[in-house]
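Report on the structure given below.
The values are calculated or read from the model by the stated rules, or taken from the named source; none is laboratory data. Fair warning: this is a prediction, and the values are worked out from it, not measured in the lab. Positions of Cβ are backbone-derived with ideal geometry, glycine not excepted, and every protein chain shown enters the neighbour counts.
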Amino acid sequence: QKEVEQNSGPLSVPEGAIASLNCTYSDRGSQSFFWYRQYSGKSPELIMFIYSNGDKEDGRFTAQLNKASQYVSLLIRDSQPSDSATYLCALDTGRRALTFGSGTRLQVQP
Amino acid sequence: EPEVTQTPSHQVTQMGQEVILRCVPISNHLYFYWYRQILGQKVEFLVSFYNNEISEKSEIFDDQFSVERPDGSNFTLKIRSTKLEDSAMYFCASSAGLPANTGELFFGEGSRLTVL
């Protein structure tokens, strides 16, 4: 059973629209959830993390967590072509490291 | 801004050879990691290192792999007797504390290993 599942995409949105990226996980013991962005050929970079149920906003980004449904999402408002990348959901499964999903490729069309 | 540095950026080796990938974590960080990403696949955890010893390792991290912190700054990944399937991007990362507590792993730019 996969620990972290994401739709591989590509998710295509027009510039200025809201992009919605979703992630489900299987380990109910997971406490910490992370969204990373990875440009092609580059290393992952952290966008935001969330620990508590509900929404967490940081600029154009909002992370949403629902532990009962084992679901975490990332909303990107006013999407820009520079947001085009693969978005990785990651979580702490109690191990001393993070487990990553396969990522969703986002394409923002100018 | 402090950063994790990795060398080499790209290494090509023959099957069966040994390779050493080097990393300099951020200086005040205490936790160090190696991840790998096979082309087109997800980022996979290999090993974490704390207080001069392995604290966690995945099923991928078998006897072919070893890690070492030979001095106060470097953190190395050794791959013995490389196989074709070891071809991947290897990322080093470091963090000030456990990811669950501090929220962020800082990744290096990666070392691309190509095994021929």
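State all residues of segment A:1-43 that are without any contact (Cβ under 8 Å) to a residue 12 or more places away in the chain and either loosely packed, with under 14 Cβ neighbours inside 10 Å or small (Gly, Ala, Ser) (or both); if no residue qualifies, say none.
Hits for segment A:1-43 are A:Gly41, A:Ser43.
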- Read through the list (1) part of a loop (DSSP other than H, G, I, E, B); (2) within 30 Å of B:Cys23 (Cα to Cα), then give the number of the only condition that A:Ala68 fails. (2)
- Item | Pick from segment A:11-41, criterion outside any strand (DSSP E or B) and at pLDDT 95 or above, ranking: nearest to A:Ala90 (Cα to Cα) | A:Tyr39
- Tell me, please, whether a residue that is surrounded by fewer than 16 Cβ atoms within 10 Å (Cβ to Cβ) and either in contact with a Pro (Cβ under 8 Å, 6 or more places away or on another chain) or more than 17 Å from B:Ala88 (Cα to Cα) (or both) can be found in segment B:29-45. yes
- Query: Would it be correct to say that B:Glu68 is within 14 Å of another protein chain (Cβ to nearest Cβ) and of a type in the set (D, E, K, R)?
  - Reply: no
- Would segment A:68-87 turn up any residue that is within 11 Å of chain B (Cβ to nearest Cβ), hydrophobic (A, V, I, L, M, F, W, C) and free of Cβ contacts under 8 Å to residues at least 60 places away in the same chain? no
- Message: Any residue that is under 10 Å from the mean Cα position of the chain (by Cα), surrounded by fewer than 21 Cβ atoms within 10 Å (Cβ to Cβ), away from chain A (no Cβ under 14 Å) and farther than 15 Å from A:Phe34 by Cβ - is there at least one of those in segment B:84-107?
- Response: no
- Task: Output the residues belonging to segment A:71-101 that are within 25 Å of B:Leu46 (Cα to Cα) and surrounded by fewer than 18 Cβ atoms within 10 Å (Cβ to Cβ).
- Result: A:Gly94, A:Arg95
- Item | When residues of segment B:3-55 are limited to those that are among the polar types (S, T, N, Q) and part of a loop (DSSP other than H, G, I, E, B), the one nearest to the other protein chains (Cβ to nearest Cβ) | B:Gln41
- Item | Where B:Asp71 falls short, out of the listed (1) within 17 Å of B:Asp86 (Cα to Cα); (2) surrounded by fewer than 18 Cβ atoms within 10 Å (Cβ to Cβ) | (1)
